[in-house]
Amino acid sequence: MMHLSHYSYSVNRAIWKITRNFHKTCQHLSKSKVVLGIETSCDDTGAAVVNTEGQILGEALNSQTKIHVEHGGINPSTAKSLHIEQIKNVVTTALQRAGTTLQDLDAIAVTTEPGLAPCLGIGLGYAKELVAESGLPMIPIHHMQAHALTARLLEHIEFPFLVLLISGGHSILTVAQDVDRFLLIGRGLDTSPGDCLEKVARCLNLKSLPECQNLSGGAAIEMLAKGGDPKRFAFNAAQNRVPSCDFSFSGVRTQAETHIQKEREQEGISGESVISTVEDLCASLQYAITFQICRRLQRAFSYCELQGLLPENSTLVVSGGVASNQYIRQCLQQVCQMNSARLVCPPPKLCTDNGVMIAWNGIEKLRIGRGISSDPQSENYSPRSPIGEDVTEELFRLGLKIPRLKLEIQP
């Protein structure tokens, strides 16, 4: 017959084991997930390690901006070569700065759409190598969706919310309804705002100015515009009168370049010289681009109110390279105030392409258990890919009227 004290000891021992195993299970369930993100969609090689709490454990970025500026624009083959040269070092550096190894990760996220095909292929190919080596899950990432959700890494933003993405390759207005569910209400029809700024900066020969040599075209125009008159030249495209949220900057670009050529002829300048009215032209171009963006945003708010797509006190997230322009941000804030909306802009560092946004999007998908590849080695990239369900035609047919807009903020 078992002694009572021995029986009590056995029961207590069993309870202790159950309690210990329960705590271990809870720790496992609550353990912070860690994701490596890889970004090579265009001209920057980026990698970052981010955890569930939104902590950026380590990151690395190799920017190709200076090289492409010297060549007058992004060259896909050059960008591809630089990605090949840098990707291993960038990923290794991000892991080292995070104090992690592949074995410490829970998944690898990589940009697979949209972007420049040669560049997307480099990032995806390297991610496949890491997945094959480690056995980790792969999470394919939509580049523009990642931009849209980056702000959620920094602060609490509930779905749904409005998103404006403006960059060198895209101009998009979308409603983020969930991590992987978006409504496209406005898209670029031709030249993006960033590309328009870059091409006009090249036409102006801004890189010949000492103060602009190390700046991108967009950054150079923003700097020079501070000393100019935004109403000096009227670069007002007819697209502004179309009742849609679609963007078109080719007309603005053509008007600006035509004016530059006329001034060069009138002033008798050639070569790398810069026209005398360069500051006014930069200010006027920046104003024309900003005005169109703000008009589209006005109509987007009206459409969302009509369709009941956003809560009363809504949020606008603005991201992408052009979102770093402080003048544009100020004007967008004005439109948000008119519509009782909160404006959220990630810091400039996170507005441009980077590995952090890819890793964070991986975390978002890992949390909900969706978007994880079932066959990583069969994943492919897609240079062209819509951000979500397209409702732009429906919006256009409504012919929404919006109030007159007066932007009073000076550069």
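Nothing in this text is a laboratory measurement; each read-out follows from the coordinates by a stated rule. Here the structure is a predicted model, which means the values were calculated and not measured. Virtual Cβ from ideal backbone geometry, glycine too; neighbours counted across all protein chains shown.
Calculate the radius of gyration of the Cα atoms of the stretch 260-363 to one decimal place, then report Dmax, the largest Cα-Cα distance, as a whole number, both in Å.
18.7, 57
Using θ = phi - 60° and the Karplus relation 6.51 cos²θ - 1.76 cosθ + 1.60, list the HN-Hα couplings for the stretch 333-350 in order, rounded to whole Hz, with x at every Gly or Pro.
Each residue's phi maps through the Karplus curve to give 4, 4, 5, 4, 4, 5, 10, 6, 10, 9, 9, 10, 10, x, x, x, 4, 9 Hz.
Take the Cβ-Cβ distance between Q261 and E305 as r, set R0 to 60 Å, and report the resulting FRET efficiency rounded to the nearest 0.05. Mind dumping the intermediate values first?
On the way: r = 44 Å, r/R0 = 0.73.
Rounded to the nearest 0.05, the efficiency is 0.85.
In nm, to one decimal, how far is the modelled label at Q326 from the one at N313, with both set 7 Å along Cα→Cβ?
Output for this residue pair reads 2.8 nm.
With +1 on the Cβ of every Lys and Arg and -1 on the Cβ of every Asp and Glu, and nothing else charged, how large is the dipole of the stretch 266-411 about its Cα centre, in debye rounded to the nearest 20? Mind showing how you got there, number by number?
Values: 14 positive and 15 negative charges, 102 e Å.
Dipole magnitude for the stretch 266-411 comes out near 500 debye.
Could you work out the local net charge near S134, counting Lys and Arg as +1, Asp and Glu as -1, over the other residues with Cβ closer than 14 Å to its Cβ? Numbers along the way, then the final one.
Working: positive: K128; negative: D104, D106, E129, E133.
Local net charge: -3.
Treating the beta-carbon of each Lys and Arg as +1 and of each Asp and Glu as -1, no other charges, what is the dipole magnitude of the stretch 41-170 about its Cα centre, to the nearest 20 debye? Let's see the in-between values first.
Working: 6 positive and 13 negative charges, 51 e Å.
Approximately 240 debye in magnitude.
What does the highest-first list of 145-153, 205-213 look like by mean Cβ count within 10 Å? Provide the component values of the computation, followed by the final result.
Numbers: 145-153: 25.1, 205-213: 15.8.
Put in order of decreasing packing, that is 145-153, 205-213.
Excluding V49 itself, what net charge comes from residues whose Cβ is under 9 Å from its Cβ, given Lys and Arg +1 and Asp and Glu -1? Walk me through the numbers on the way to the answer.
Working: positive: R97; negative: E59, D104.
Taking every other residue near V49 into account, the sum is -1.
Taking Cα pairs under 8 Å and at least six residues apart, what relative contact order does the chain come out at, in percent? The partial results should precede the final answer.
Numbers: 792 pairs, mean separation 92.4, N = 411.
Relative contact order here is 22 percent.
Just to confirm the number: angle between the C-alpha axis of helix 278-307 and the first principal axis of the chain, 0 to 90 degrees, nearest 10?
50
Mind checking which of G228, P140, V34 is farthest towards the positive end of the chain's charge dipole, using Cβ charges of +1 (Lys, Arg) and -1 (Asp, Glu) about the Cα centre?
The listed residue farthest towards the positive side: V34.
Cut-off 10 angstrom, C-alpha nodes, Gaussian network model of the chain. Which of Q261, Q307, Q298 fluctuates the most?
Q307
Please identify, among G37, G125, G399, the residue showing maximal mean-square fluctuation in a Gaussian network model of the chain using a 10 angstrom Cα cutoff.
G399
Beyond a 23 Å Cα-Cα separation, which of these cross-linked pairs lie in this structure: K88/K365; K33/K365; K31/K88; K199/K231?
Numbers: K88/K365 25 Å; K33/K365 11 Å; K31/K88 28 Å; K199/K231 21 Å.
Among K88/K365; K33/K365; K31/K88; K199/K231, the Cα-Cα distance tops 23 Å for K88/K365; K31/K88.
Give me the angle, in degrees from 0 to 90, between the Cα long axis of helix 117-134 and the longest principal axis of the Cα atoms of the chain, rounded to the nearest 10.
10
Among the aspartates and glutamates, which have Cα under 18 Å from the Cα of K406 when same-chain residues fewer than 8 positions away are ignored?
Partners within reach: D229.
Quote the charge dipole size of the chain about the Cα centre in Debye, to the nearest 20; the model charges only the Cβ of Lys and Arg (+1) and of Asp and Glu (-1). Write down the numbers at each step before the final one.
Working: 38 positive and 41 negative charges, 205 e Å.
Dipole magnitude for the chain comes out near 980 debye.
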